[in-house]
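Each remark here refers to the structure printed beneath this line.
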Amino acid sequence: VFAIDQNLLPFSFEIRRLAEWRETADAIRTMVVRGAPAIGVAGGYGMAQAFRESAEPAAVERALHELGAARPTARNLAAVVDRVHAAGRAGGPAGAQREAQRIADASVEECRAIGEHGTALIRDGARVLTHCNAGWLATVDRGTATAPLYAARDRGIGFHVLVDKTGPRDQGARLTAWELGQEGIRHDLIEESAAGLLMSRGEVDLVIVGADRIAANGDVANKVGTYLVALAAREHGVPFYVAAPRDTFDPSCASGREIPIEERSEEEVLFKTGPDEDGRVRRIRVAAPGAHARNPAFDVTPARLIAGIITSAGIEVPGDARS
Ligand code: MRU
């Protein structure tokens, strides 16, 4: 399995070779690969690797458990790992590999369709705010929240993107800004805490974010900070949309309260890593010595704050959106 090392972006572009399922699980856990659809697809390939590595049912079960639990919030991971596991049990290593590949290919098509439906929301001159990275790095191609932007660009519609930096790992600053730059799409980075001010001044027309898990009632878990953006959007009458593939929907969670929220290491809040002026990558402390931190990686936006969920089938009103 080959994966772009997203921990090194945008300062260096390296492709990691993940030779065994354990390496694939580790790449998901350490966020070499991240973003709900991307970790789903990576997990599927990891499961296919496990079938190739051992015919021992216990070994395959261990892989099923460890891959599925490598990150807890994104529904896509466990959903895809389970499906490839079932294909492997029925069809052996070749069956598992075929299913993993089929899921990856279907994901590309799904994101394209999300873009086709979502582009109707983007009028000429729109100022669109997004949070975290729900772009092609987070998927197999085109992204979810970014797919409507790329489709609008392809139709010649002009727009401007406001990119939340998205602490503590700065996926907006490091990944989304890099992606949009590569695509030639005009954008400005903002601190997510600036979103409220810009909305209050009428400088944001639309919000589109991705999702990690969508409960049966339409509550959406996404990168921490999304909820505050949605609250500000409601206060200022800015439509707030979520873009997501089918595997992100979890009908077994009745509401957002049941969605498991990943708590990551406090180190991510206390330190930053990046190149200094001479290009040497350094890890620097940004908090008072001795300070401790909480680091919930996701939050839940209630369905009532969401204008619509952009899927490959169209734009659904949350709550009616069940798989
Ligand atoms: O912790 P991350 O970087 O994996 O979180 C990613 C997000 O929250 C994305 O917005 C979400 O997975 C949607 S990706 C299309």
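Any read-out appearing in this document is the output of simple, stated calculations on the displayed coordinates, not a laboratory observation. Since we're looking at a predicted model, the values are computed, not measured. We place every Cβ from the backbone using ideal geometry, glycine too, and count neighbours over all the protein chains shown.
Consider A106 carefully, then state whether it is closer than 28 Å to L270 by Cα, assigned to a helix (DSSP H, G or I) and away from the ligand (no atom under 13 Å from the Cβ).
Working: closer than 28 Å to L270 by Cα: no; assigned to a helix (DSSP H, G or I): yes; away from the ligand (no atom under 13 Å from the Cβ): yes.
So A106 fails the test.
Taking strands (runs of 3 or more DSSP E) that fall entirely within segment 210-323, which contain at least 2 residues that are farther than 26 Å from R29 by Cα and away from the ligand (no atom under 16 Å from the Cβ)?
Hits in segment 210-323: 314-316.
Against the conditions (1) in a strand (DSSP E or B); (2) touching a residue at least 40 places away in the same chain (Cβ under 8 Å); (3) away from the ligand (no atom under 16 Å from the Cβ); (4) not basic (K, R), where does V204 fall short? Just the number, please.
V204 satisfies all of (1) in a strand (DSSP E or B); (2) touching a residue at least 40 places away in the same chain (Cβ under 8 Å); (3) away from the ligand (no atom under 16 Å from the Cβ); (4) not basic (K, R) except (1).
Residue pairs, Cβ under 6 Å, 6 or more apart or interchain, first in segment 113-142 and farther than 19 Å from A233 by Cα, second away from the ligand (no atom under 16 Å from the Cβ). List them.
What qualifies is H117/G314; H117/I315; T119/A152; D124/I157; D124/G158.
So which residues in segment 95-130 are surrounded by 17 or more Cβ atoms within 10 Å (Cβ to Cβ), closer than 30 Å to V204 by Cβ, within 18 Å of the chain's Cα centre (by Cα) and not hydroxyl-bearing (S, T, Y)?
Answer for segment 95-130, where residues must be surrounded by 17 or more Cβ atoms within 10 Å (Cβ to Cβ), closer than 30 Å to V204 by Cβ, within 18 Å of the chain's Cα centre (by Cα) and not hydroxyl-bearing (S, T, Y): E110, C111, A113, I114, G115, G118, V128, L129.
Might you let me know whether segment 42-53 holds any residue that is within 16 Å of the ligand (Cβ to nearest atom) and in a loop (DSSP other than H, G, I, E, B)?
no
Being surrounded by fewer than 23 Cβ atoms within 10 Å (Cβ to Cβ) and on the phi > 0 side of the Ramachandran plot is the filter here; which residues of segment 185-234 pass it?
Matches in segment 185-234: G202, G225.
Of the residues that sit in segment 143-169 and are charged (D, E, K, R) and free of Cβ contacts under 8 Å to residues at least 40 places away in the same chain, which one is nearest to R34 (Cα to Cα)? Break it down stepwise before answering.
The first filter runs over segment 143-169 and keeps only residues charged (D, E, K, R), leaving 153-155, 164-165, 169.
Now narrow it down to the ones that are free of Cβ contacts under 8 Å to residues at least 40 places away in the same chain: 153-155, 165.
Numbers: R153: 25, D154: 26, R155: 29, K165: 16 Å.
The residue in question is K165.
Restricting to segment 109-129, count the residues that are within 16 Å of the ligand (Cβ to nearest atom) and in contact with a strand residue (DSSP E or B) (Cβ under 6 Å, 6 or more places away or on another chain).
Let us first name the residues in segment 109-129 that are within 16 Å of the ligand (Cβ to nearest atom), namely 109-115, 117-118, 128-129.
Next cut, in contact with a strand residue (DSSP E or B) (Cβ under 6 Å, 6 or more places away or on another chain) only: 114, 117-118, 128-129.
So the answer is 5.
Report whether or not A27 is closer than 30 Å to G256 by Cβ, within 16 Å of the ligand (Cβ to nearest atom) and part of a helix (DSSP H, G or I).
Yes; evaluated as a whole, the condition is true for this residue.
Filter segment 132-182 for residues that are part of a loop (DSSP other than H, G, I, E, B) and away from the ligand (no atom under 16 Å from the Cβ); which is surrounded by the fewest Cβ atoms within 10 Å (Cβ to Cβ)? Outline the logic, then answer.
Initial filter on segment 132-182 (part of a loop (DSSP other than H, G, I, E, B)): 132-135, 139-146, 155-158, 165-170.
Okay, now just the ones that are also away from the ligand (no atom under 16 Å from the Cβ), so 155-158.
Numbers: R155: 10, G156: 7, I157: 16, G158: 12.
By that ranking, first place goes to G156.
Being within 15 Å of the ligand (Cβ to nearest atom) and either among the polar types (S, T, N, Q) or buried (at least 18 other Cβ atoms within 10 Å of the Cβ) (or both) is the filter; apply it to segment 1-24 and report the residue that is farthest from R142 (Cα to Cα).
Ranking the qualifying residues of segment 1-24, first place goes to N7.
Which of the residues belonging to segment 254-286 are loosely packed, with under 13 Cβ neighbours inside 10 Å and of a type in the set (A, V, I, L, M, F, W, C)?
A254, V281, I284, V286
Where residues in segment 30-41 are β-branched (V, I, T) and in a loop (DSSP other than H, G, I, E, B), which of them is nearest to the ligand (Cβ to nearest atom)? Can you show your working first?
Looking only at segment 30-41, we keep the residues that are β-branched (V, I, T), and these are 30, 32-33, 39, 41.
With in a loop (DSSP other than H, G, I, E, B) added as a condition, the list becomes 30, 32-33.
Numbers: T30: 11, V32: 11, V33: 9 Å.
Residue satisfying both the conditions and the ranking: V33.
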